[in-house]
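The values are calculated or read from the model by the stated rules, or taken from the named source; none is laboratory data. Treat the numbers as computed from the prediction; the structure is a model and nothing was measured. Cβ coordinates were reconstructed from backbone atoms using ideal geometry, including for glycine residues, and neighbour counts include every protein chain displayed. Heavy atoms of the whole protein, side chains included, go into the accessibility calculation; ligands, DNA and RNA do not. Shrake-Rupley method; radii C 1.70, N 1.55, O 1.52, S 1.80 Å.
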Amino acid sequence: KAGVTQTPRYLIKTRGQQVTLSCSPISGHRSVSWYQQTPGQGLQFLFEYFSETQRNKGNFPGRFSGRQFSNSRSEMNVSTLELGDSALYLCASSLVGGSHTGELFFGEGSRLTVL
Amino acid sequence: DAKTTQPPSMDCAEGRAANLPCNHSTISGNEYVYWYRQIHSQGPQYIIHGLKNNETNEMASLIITEDRKSSTLILPHATLRDTAVYYCIVRSNTNAGKSTFGDGTTLTVKP
């Protein structure tokens, strides 16, 4: 079974630009969540999508947004990039409901550098 | 989600057991203990989880105290490839996506 796939793996942007990151979850997983990881703040929850609806949201400004498609693939967008947005952005998928116990399966991440 | 406390770093000799502790004194009855690890610059990897009974899988064992206020992750025969940051997380099995990761324990396995 294929794991969580994130694209692109690396990208460089300049301040003020916007970026879109993509995540394909494990087949059958309907929950997709996003995390930001920086050396200073560690792993921080951005948002979670389930069945195309945002179910949870972390404490990030409105410049950070996301969406989920009917095939469970998800994208996140960061507009008006700032230097502090440089980070590893991680996507995780999971099975929810029933007897599933909610393990998260992470992708390798998209490393964003803002210059 | 309940807060967890882990030591910032630990060392272990290669081939020996690595015992990583985690305190979660405010854990609720419906909250599970999950362990993940992250090898440098890779995505975190799920290791094991448990509710109140001890658990074992091919990667590790999880020992949860009877009062569930603390747990220990055991890597029975640590290898150099087990060097990583280990995260202990406590949450219910619903709302899986919104997990609170603390600073974790940096385990260094030495030859």
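General remarks:
- The residues of the range A:74-90 that are open to solvent by 50 Å² or more (accessible area, probe 1.4 Å) and more than 23 Å from B:Ser41 (Cα to Cα) amount to a single one, A:Thr80.
- The range A:9-28, residues that are part of a strand (DSSP E or B) and open to solvent by less than 60 Å² (accessible area, probe 1.4 Å): A:Leu11, A:Lys13, A:Val19, A:Leu21, A:Ser22, A:Cys23, A:Ser24
- Of residues in the range A:74-108 being part of a loop (DSSP other than H, G, I, E, B) and more than 26 Å from B:Ser92 (Cβ to Cβ), the one nearest to the other protein chains (Cβ to nearest Cβ): A:Glu108
- The residues of the range B:87-111 that are outside any loop (DSSP other than H, G, I, E, B) and buried (at least 19 other Cβ atoms within 10 Å of the Cβ), listed by number, are B:Tyr87, B:Cys88, B:Ile89, B:Val90, B:Arg91, B:Thr105, B:Leu107, B:Val109.
- Only one of the listed residues (B:Ala84, B:Ala78) is more than 11 Å from the chain's Cα centre (by Cα), surrounded by 14 or more Cβ atoms within 10 Å (Cβ to Cβ) and over 20 Å from B:Thr5 (Cβ atoms). That residue is B:Ala78.
- Taken over the range A:53-73, the criterion of being within 13 Å of A:Tyr35 (Cα to Cα) and small (Gly, Ala, Ser) is satisfied by A:Gly58, A:Ser65, A:Gly66.
- Any hit, the range B:64-86, residues being among the aromatic types (Phe, Trp, Tyr), assigned to a strand (DSSP E or B) and modelled with pLDDT of 95 or more: yes
- Residues of the range B:1-27 satisfying the condition of being within 12 Å of B:Leu80 (Cα to Cα) and under 13 Å from the mean Cα position of the chain (by Cα): B:Ala18
- When the test is whether a residue is more than 8 Å from chain B (Cβ to nearest Cβ) and modelled with pLDDT of 95 or more, A:Gln41 does not pass it.
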